[in-house]
Amino acid sequence: MPTAARRGRDPRHDILFEPVRIGPVTAKNRFYQVPHCNGGGYRDPSAVVEMRRLKAEGGWGVIFTEQVEMHPTSEITPFIELRLWEDRDLPALARMAAAMKGDGALAGIELAYGGVNGSNLYTREVPRGPMSAPILTFFKDPVSTRAMDRTDIRDLRRWHRDACLRARRAGYDVIELYGAHGFGVIQHFLSPLTNQRGDEYGGSLANRARLFRELLGECRDAVGDTMAVGVRLSLHEAGGLENAEVRELVAMHAELPDFWDLGHGSWEACSGTSRFDDEGFQESLVRGIRDLTPRPVVGVGRFTSPDAMVAQIRRGILDFIGAARPSIADPFLPRKIDEGRTDEIRECIGCNICVSGDMTMSISRCTQNPTFMEEWRKGWHPERIAPRGASRTVLVIGAGPAGLEAARAAGLRGYEVALAEAGDEPGGRVTREARLPGLAAWGRVRDYRVHAIGQMANVAVYRGSELGAGDVLDFGFENVAVATGSTWRRDGVARFNLLPIPIDTAMAVFTPDDLMAGRLPPSGHVVLYDDDHYYMGGVLAELMVASGLRVTLVTPANLVSEWTLNTLEQRRVQARMIALGVAIVTAQAVTAIGAGGVTLACAFTGRARDLACDAVVLVTARLPADGLWQELRRREGDWAAAGLRRVVAIGDADAPAPIAWATYAGHRFARELDAEPAGDGPAFRRELAELWPGEEGR
C-alpha cells in the first residue's frame with residue numbers, strides 16, 4: 001500500500017519541530033513521549049520494543065520506557081513492568097534503546113524505586129520507605145514499609161548509581177527518576193503525607209528534598225556528561241506536596257536536573273478521562289513553573305491539536321509537549337503534523353481503555369488504534385497494511401465502530417468495499433453514546449473513520465440500507481462482515497441474575513437503548529439497576545438527573561461503576577453521583593420488578609427488601625443483534641453458489657464488549673482477508689521464559 005504523500009507542514013507548527021537541548025543531548029523536536037505502561041513489561045519484551053520503535057518512526061523526539069524497577073527490594077507485582085535488577089536484564093532494554101534511536105529520537109529510561117508503592121509480593125523483600133507505614137497500593141496489600149535508616153539510604157544511593165550505569169551501557173540517552181503519581185520514593189520523601197521523619201531527611205522542604213538532591217547527584221556522578229538526567233514530579237498532591245511547594249522546590253533546585261517532567265498528582269488525576277477533563281487540563285498547575293528554572297519543562301494534557309500544542313510553547317507554559325495516551329492513539333502524530341496531514345491524526349478519545357490493560361495485567365488496547373501492542377505480536381503496522389489478496393470485493397453490513405474500521409482497513413488494502421448502514425447516520429453505538437454526558441470525545445472514533453473512508457474511491461457507503469440474507473446472497477460479494485451491533489437486555493440478566501427476573505408489565509421498564517433514543521421516564525423516582533459496572537450506568541444516571549428525575553442507582557457491586565477502577569475514574573464517577581444527588585445503593589441486586597417498585601436482595605446474605613419507584617432502567621447485559629448472521633449461517637449451503645468465500649460476524653454482533661474490542665475486530669477482519677487460517681495455536685507471536693542454565697533433570 002503506498003504511503004501518504006507529504007503535503008508540507010503548516011508554518012504555524014514550525015515551532016514544534018525546533019531542536020531542544022536537554023543537558024548534554026539534544027532532542028530533534030518538542031514531541032516527548034512520556035513514560036507509559038502497556039501491560040507488556042518483562043513478559044513481552046519484543047512486543048514492547050516494536051511498539052516503541054514505531055513511535056520513533058512516527059517522529060517523536062524523545063521516547064521513554066515505562067517505569068523500570070531498578071532493584072528487587074522494590075517491585076509492584078502483580079503489575080508487569082520492566083526491570084533493571086541485574087546485568088541479565090540488559091539485553092531486552094538495550095534492544096529497546098536501539099529501536100527508539102533508529103529514527104533520530106532520544107531514548108529515555110524511567111528508573112523507579114517504588115518505596116511506599118512497592119509491596120514486593122514477588123521478591124518477598126521487606127519494603128522500604130521514609131517511615132514505617134502501610135503500603136499504599138491499589139490492592140491495599142496488608143504489609144508495611146520499614147523506615148529507612150542511613151544504611152538503607154546509602155544502599156538506595158548505590159542502587160541508583162548502579163542502575164544509571166546499566167542504563168548507559170544499554171544505550172540510553174536520557175534518565176528520568178520517577179517521583180510522581182505517588183509511585184516513587186522521591187515523592188514519598190518530599191511529601192509530608194509519607195514523610196514525618198525527625199532527622200535531616202524530614203521536616204522542612206529543604207530537608208525533605210535531601211534525598212532528591214542525593215539521588216540526582218548519584219546519577220549525575222555515574223554518567224557524567226554522557227546522558228541527560230532529570231526527574232518526573234507531581235504538580236499537586238492534595239494535603240501533601242501541594243502545587244505551591246512544588247514551585248518552591250523547583251525554584252530551590254532550578255538547575256539541579258537537566259529537565260523537569262511534570263504531571264498532575266495521582267495517576268488518576270494525571271490521566272484524567274475526557275469524561276471529566278478537557279485537553280490541556282493541567283495548565284493551571286504548570287503555568288509559571290518554566291519561569292522558575294532555565295531547564296526544559298515537560299508537561300502533559302492529552303494534547304491532540306497541534307494548535308493547542310503551539311499555544312503551550314508560545315505562551316511559555318512548556319518546552320516539550322508530553323504525551324502518553326495521544327502517542328498510543330497515533331504513534332505517527334508528529335510525522336502527520338510535520339507533513340501537513342493533521343486531518344489524518346487518530347485523536348485520543350480519553351477513554352483510558354489503554355490503562356485498563358496495565359490494571360488487569362494484560363496486553364493493553366486502544367480504542368482508536370487497534371494495532372497498539374500488536375505491532376510485533378501480529379506484525380500490524382499502524383500506518384501500513386498489505387495490499388489485497390486474491391479476492392476483490394467486500395461487503396460490510398453495519399457502520400458502527402467494527403464496521404467502519406473493517407471498511408476503512410479493507411479499503412486501504414485495495415478491496416472494492418460496500419458499507420451498508422440500516423440507519424441514516426454512521427457510527428452505530430458510538431454516535432448514540434457520544435451524545436451522553438461527558439462522552440462527546442468518543443465521537444472521534446466515528447469521525448476519524450468516516451473521514452478516512454470519504455477519501456477512498458473504492459469504498460462506497462449506502463445509508464438507509466437494511467439487508468436481508470437474500471440480499472447478501474444476491475449481491476455476489478466475495479467477503480462479508482456482519483457488524484450489526486447489539487441491544488441491551490430487558491429481562492434483568494447479567495452477572496448477578498443469570499436467569500430472567502419476574503417483571504410486572506404494569507411497571508415502566510427502560511433500557512439504555514431507550515434512553516439513548518430519547519425515550520426517558522416522564523417523571524418521578526427512577527431506579528437504575530447497574531449490573532454492567534462500566535460507564536453506562538453512571539452516564540445514564542447523570543442524563544436523567546439533568547432531565548429532572550430523581551434517581552436511585554442500585555448495583556450488586558460494592559462501588560458504583562466498579563470496572564472503572566481499571567480506567568482510573570471510579571472515584572470521580574461515584575463523587576459525581578453524590579454531587580448530583582443520586583441515591584446510591586451498593587451490594588444489592590434487583591431480583592424482581594413489581595407494579596409499584598423493585599425487590600432488592602443483599603449480594604452477600606440474600607436478605608430481601610422492597611424499594612418503591614415509578615420506573616426502572618435496566619443496565620445489565622447486551623445481546624448480539626445477530627439475526628442476519630444467524631440466517632446467513634442457516635443458508636451456508638448457498639454461499640459457494642453466490643460467490644461467497646468468507647462470511648463472519650464481527651464486533652458486538654459476534655460478542656458484545658467495549659468499543660475498543662469492536663474496532664479491533666473490524667481491523668482484524670480486514671487484515672485477515674484472503675489469509676490462511678491461523679490453526680489451533682495462538683494467532684500471534686509470544687515469548688517464553690528463559691530456563692536457568694544447568695538445571696536439567698532436577
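Derivation of every value follows stated rules applied to the coordinates shown; laboratory data play no part. Quick caveat: nothing in here was measured; it's all calculated off a predicted structure. Virtual Cβ from ideal backbone geometry, glycine too; neighbours counted across all protein chains shown.
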Modelled label-to-label distance, H451 and S132, 7 Å Cα→beta-carbon offset: nm? 5.9
If you plug each phi of segment 299-315 into the Karplus form 6.51 cos²θ - 1.76 cosθ + 1.60 with θ = phi - 60°, what whole-Hz ³J(HN,Hα) values come out, in order, with x for Gly and Pro? x, 10, x, 6, 6, 10, 8, x, 5, 5, 5, 4, 4, 4, 6, 5, 8
Globularity ratio of segment 467-566, using Cα Rg and 2.2 N^0.38 Å: 1.41
At a 10 angstrom cut-off on C-beta neighbours, averaged per residue, how do the peptides 208-218, 491-501 rank from highest to lowest? 208-218, 491-501
Work out the count of Lys pairs in the chain where the Cα-Cα distance is under 20 Å, with the pair 8 or more places apart or on different chains. 7
Only four residue types carry charge here, +1 at the Cβ of Lys and Arg and -1 at the Cβ of Asp and Glu. Report the dipole size of segment 489-623 about the Cα centre in Debye, rounded to the nearest 20. 200
Å³ per residue of the Cα convex hull, for segment 184-326? 113
Using the basic label-point model (7 angstrom from Cα toward the beta carbon), what is the D221 to R88 distance in nanometres? 3.0
With Rh as the Kirkwood radius over Cα pairs, segment 370-453 has Rg/Rh of 1.02
Work out the charge dipole of the chain with +1 on the Cβ of Lys and Arg and -1 on the Cβ of Asp and Glu about the Cα centre, then indicate which of Y415, G40, A575 is farthest towards its positive end. G40
At R0 = 45 Å the Cβ-Cβ FRET efficiency linking L691 and R150, nearest 0.05, sits at 0.65
In sequence order, what are the phi-derived ³J(HN,Hα) couplings for segment 412-417 according to the Karplus relation 6.51 cos²θ - 1.76 cosθ + 1.60 with θ = phi - 60°, rounded to whole Hz, with x for glycine and proline? 4, 6, x, 6, 7, 10
How much space per residue, in cubic angstrom, does the convex hull of the C-alpha atoms of segment 15-359 take up? 117
Sort 599-612, 523-536 for me by packing, meaning the mean count of neighbouring Cβ atoms within 10 Å per residue, highest on top. 523-536, 599-612
Do the sum for the chain: with -39,500 (n - 2.57) for every DSSP H run of n ≥ 4, divided by all residues, what is the mean residue ellipticity at 222 nm, to the nearest 500 deg cm²/dmol? -8000 deg cm²/dmol
Out of P306, T342, T393 - ranked by how far each Cα lies towards the positive end of the dipole of segment 284-397, with unit charges on the beta-carbon of charged residues - the top one is T393
One point scatterer per Cα, no solvent, Debye formula: log10 I(q)/I(0) for segment 77-167 at q = 0.14, 0.16, 0.20, 0.21 Å⁻¹ comes out as -0.62, -0.77, -1.03, -1.09
Under a plain spin-label model, where a point goes 7 Å from the Cα along Cα-to-Cβ, how far apart in nm are Q196 and L499? 5.4
Taking square-rooted eigenvalues a ≥ b ≥ c of the alpha carbon gyration tensor, is segment 498-634 rounded, prolate or oblate, where a/c under 1.5 means rounded and, failing that, a/b exceeding b/c means prolate? rounded
Given that compact globular proteins tend to follow 2.2 N^0.38 Å, what is the ratio of the alpha-carbon Rg of segment 1-142 to that value? 1.28
Give me the percent of DSSP beta bridges within segment 15-359 that run antiparallel, rounded to the nearest 5. 10
For segment 41-91, just say rounded, prolate or oblate: build the C-alpha gyration tensor, square-root its eigenvalues into a ≥ b ≥ c, call rounded for a/c under 1.5, and beyond that prolate if a/b exceeds b/c, oblate if not. prolate
Output the peptides 290-297, 227-234 sorted from most to least packed, where packing is the average of other Cβ atoms within 10 Å over each peptide's residues. 227-234, 290-297
Viscosity 1.002 mPa s, temperature 20 °C, Stokes-Einstein D of the chain from Kirkwood C-alpha radius, µm²/s: 79
Assign unit charges at the C-beta atoms only (+1 for Lys and Arg, -1 for Asp and Glu), then state the dipole size of the chain relative to its Cα centre in Debye, rounded to the nearest 20. 620
Antiparallel bridge percentage (DSSP; both residues within segment 489-623; nearest 5): 35
So D307 and M361, fully extended at 0.36 nm per residue minus their Cα-Cα distance, gain in nm 15.9 nm
